[in-house]
1. Which one, Leu159, Gly347, Leu105, projects farthest toward the positive side of the charge dipole computed for the chain from Cβ point charges (K/R +1, D/E -1)?
2. Using a Förster distance of 51 Å, how high is the FRET efficiency between Glu127 and Arg40, based on the Cβ-Cβ distance and rounded to 0.05?
3. Over the chain, with every protein chain in place, what whole percent of the accessible area is carbon and sulfur at 1.4 Å, could you tell me?
4. What helices does the chain hold that run 15 Å or longer along their axis, going by alpha-carbon atoms, with a Kyte-Doolittle average of 0.5 or more, using DSSP H for the helix calls?
5. Report the paramagnetic label zone for Ala266: residues of segment 196-229 whose backbone N is under 15 Å from a point 7 Å from Cα along the Cα-to-Cβ axis.
6. Nearest 5 percent is fine: what portion of the DSSP beta bridges confined to the chain is antiparallel?
7. Note the full-extension length gain between Glu274 and Ala231 as 0.36 nm times their separation in residues minus their Cα-Cα distance, in nm to one decimal.
8. Between Leu364 and Ala51, what FRET efficiency follows from the Cβ-Cβ distance if R0 is 51 Å, with the result rounded to 0.05?
Amino acid sequence: MPPASPSTARAMNDRLALKLLQERGPLSASQLTTLTGLARPTVADLIQRLAAAGLIAPAGESEARRRGPNARLYGIVADRAHLAALDMRTDGVRVRVADLLGTQLAEAQLLVDPAAPPEEAVRGTAELLDHAAAEAGVERLHSVAVGVPGLIDPRTARLRTATGLDWHRELIALLQDRLSAAVRTENESNLAALAELRAGAARDRDSFVFFWLGEGPGAAVILDGALRSGASGGAGEIGFLPVPGAEALPSAATCESGFHSLVCDAAVRQLAAEHGMDPALGAEQALRAAVEGGGRGEGVGSGEGPGPEAAFLDALATRIMLGAAAVTAVLDPGCLVLGGALGHAGGAPLAARVERQLAEVTPLRTEVRASSYGDDGVLNGALLAAVDMAQEAVFPSFPSAG
């Protein structure tokens, strides 16, 4: 392989330095020399080059005790670009505005009446984004990432037809027309998985499957550190899985008779009531009550048998296992993360039960973990995606060959 051209080498060195500054915070020239392995003159050149480009600036002095003046520290200019993350649900939206390093500057949310005209939700969300940006003192957004509960066509990057998402489609179109920012739309489960991969429950894994358990189930597939969306963007649509226990087969039009019917919010709430939990509790509340009220143990096989809380968690774990077994048999990811509001509420006790039951039906060893973020995973993942977009555009790029 021929050596890199001088311009490519410079871009690679600049990228390496910026990555270190992003991960470790302000560093001195001496620290950058040690961490990059580059010669001192090379580091001095890249510092001068990045400072001239407005990407880094002096950020104080080191506190190391030594003779002579303390070393000057350099850090990334975080306000070089600003970005926004949106988590859009059927009944509301959350917005977070941040700088180039992902530091939160403002956050806001809006409840949406699904029965209201789509234009009301679109107008309200656009105003919410404006207010959040104004609160953060941001005049222009560089990049915006949006998480939605629907299929994203990988060829067009547009939200495909889905019940109850009319205002989502209109809002995305408005953002793309109204903002000078780059706008990325992504399925909510995929973004939540990104958050778990980068800094959550799967940060030590490069392959895993993320199960979103909330109003309805979803999944995201991460293999070799990369998100796999499938030919039509539908990888992870586990609600359509035909599973034992469902009343009928799902159809191309609806997943209500598939895996969805066993683990959706309404089904979990009903299952909790059948096991003696307070019927007034929502599914998430019932799960938290079960974990706190005696479901921390192993449940089945623990001597006298499980109490109502443990029995409820055992029964729910069996339902989740049915979907997990199908996914494991095809992908063998080695790790499964239970996320969303329900996966997070069930926590380690629910994850342990799913792992134990899964081991009884498949020889493919699969570790099951609880999400680190729960319902916040989508917004956290959207923020990471927006940071990636902004940095990819702002940071130096390698020159094309030729």
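The values are calculated or read from the model by the stated rules, or taken from the named source; none is laboratory data. If you're wondering where the values come from, they're calculated on a predicted model, not measured in any experiment. Every residue, glycine among them, receives a Cβ derived from its backbone with ideal geometry; neighbour counts consider all protein chains shown. Keep in mind that these areas ignore ligands, DNA and RNA; they rest on the heavy atoms of the full protein, side chains included. Shrake-Rupley method; radii C 1.70, N 1.55, O 1.52, S 1.80 Å.
1. The one lying farthest along the dipole's positive direction is Leu105.
2. Computed FRET efficiency for Glu127 and Arg40 comes out at 0.45.
3. Reported share for carbon and sulfur atoms: 51 percent.
4. What comes out of the filter, once short or polar helices are dropped, is 308-331, 377-394.
5. Counting only backbone N, you get 214-217.
6. 60
7. Additional length available on full extension: 11.5 nm.
8. 0.45
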